[in-house]
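Heads up, the thing below is written out as structure tokens.
The values are calculated or read from the model by the stated rules, or taken from the named source; none is laboratory data. Since the model is a prediction, treat every value here as computed from it, not as a measurement. Neighbour counts run over all protein chains shown; Cβ positions are idealised from the backbone, glycine included.
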Amino acid sequence: MTSTEQPLVVLLHGVGLDRTMWQPLGQHLQRDYLALDLPGHGERPVLREKQNLASLANDVLERIETQQPVHLVGFSLGALIAQHLARFAPNRVLTLSSINSVCQRTPEESAAVEQRLATAGTNFAQGVDKAIERWFPAEQTDVPSAVIEAIRKTLAKNDLESYLHSYTVFAHGDQEIAGELASISQPTLAITGELDPGSTPEMSRRLATALPGARLRIVNGARHMLPVENPAALASELNSFFSDNEGKQA
């Protein structure tokens with residue numbers, strides 16, 4: 001990390017995770033960064049009421065420590081929240097980076113996530129195991145086992161009701177923000193893994209199409225947990241994107 005004269009990078013994680021997921025990426029970033037726990041995650045109070053993108057985004061906005069525009073980086077659910085902030089608090093966002101973001105799900109894609117939402121509370125421990133298997137297939141990942149186990153523990157300690165409130169926003173948030181994407185004016189990076197079955201390359205292409213001038217990147221060989229699987233490649237794209245857009249106003 002370097003001088004505080006540069007814009008701050010704010011990192012927003014995905015559903016069921018917490019700010020610690022960014023540790024591998026943070027070692028490669030060339031900027032000061034602030035990794036926040038989303039509402040209902042990590043050290044934040046659990047959620048006991050229904051949420052939407054606006055309520056999650058407003059909570060995040062109150063905890064961004066600077067009034068200066070930031071490089072806002074969101075992963076998965078965090079990407080949807082970041083998009084909402086870029087649209088409705090544009091003076092606080094210098095650039096928008098959406099990592100492994102869903103976008104404009106098709107009816108089939110929406111049905112699939114609704115099915116996962118409907119069964120998420122049935123056997124949560126089994127769901128955690130399936131997520132780990134999906135994100136880090138045995139013999140197909142170079143991610144250290146200690147890192148994978150730390151992510152498993154983070155998922156497993158979620159409060160179920162709080163998790164379901166957040167997952168509901170993840171399931172519906174792309175439709176909530178879809179009609180607003182064209183009004184986002186900040187420089188935008190849309191990046192995902194070539195092999196991500198949920199936040200697919202096609203979804204990042206949709207996002208880049210919806211935001212004219214957006215930079216699209218697909219990382220070969222990566223799946224959903226790009227910030228953990230290949231933090232060096234992701235940081236290289238982010239560092240370049242930040243440098244190219246510093247000094248510009250959204």
Flagged in segment 222-250 as more than 18 Å from the chain's Cα centre (by Cα) and modelled with pLDDT of 95 or more, in numbering order, are Ser240, Ser243, Asp244, Asn245
Inter-residue pairs, beta-carbon under 7 Å, first surrounded by fewer than 24 Cβ atoms within 10 Å (Cβ to Cβ) and in segment 92-105, second charged (D, E, K, R) and not in a loop (DSSP other than H, G, I, E, B), 6+ apart:
Gln104/Asp174; Gln104/Arg206; Arg105/Asp174
Report the residue count in segment 120-146 for those that are in contact with a helix residue (DSSP H, G or I) (Cβ under 8 Å, 6 or more places away or on another chain), under 21 Å from Glu194 (Cβ atoms) and of a type in the set (A, V, I, L, M).
3
Do we find a residue being over 27 Å from Leu195 (Cβ atoms), modelled with pLDDT of 95 or more, touching a His at 6+ places or on another chain (Cβ under 6 Å) and assigned to a loop (DSSP other than H, G, I, E, B) anywhere in segment 84-102?
no
Considering only segment 123-148, state which residues are more than 19 Å from Ala222 (Cα to Cα) and either touching a strand residue (DSSP E or B) at 6+ places or on another chain (Cβ under 6 Å) or surrounded by 11 or more Cβ atoms within 10 Å (Cβ to Cβ) (or both).
Asn123, Phe124, Gly127, Val128, Asp129
Between a first residue in segment 6-21 that is acidic (Asp, Glu) and a second residue that is part of a helix (DSSP H, G or I), which pairs have beta carbons less than 6 Å apart while being 6 or more apart in sequence or on different chains?
Asp18/Thr154
Would you tally the residues in segment 199-221 being modelled with pLDDT under 95 and surrounded by 20 or more Cβ atoms within 10 Å (Cβ to Cβ)?
1
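Kindly check whether there is at least one residue in segment 120-130 that is touching a residue at least 24 places away in the same chain (Cβ under 8 Å), within 23 Å of Glu229 (Cβ to Cβ) and charged (D, E, K, R).
No; the residues of segment 120-130 include none that is touching a residue at least 24 places away in the same chain (Cβ under 8 Å), within 23 Å of Glu229 (Cβ to Cβ) and charged (D, E, K, R).
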Could you say which residue among Ala222, Ala178, Ala182, Ala233 is under 25 Å from Thr20 (Cα atoms), in contact with a helix residue (DSSP H, G or I) (Cβ under 9 Å, 6 or more places away or on another chain) and touching a residue at least 24 places away in the same chain (Cβ under 8 Å)?
Ala222
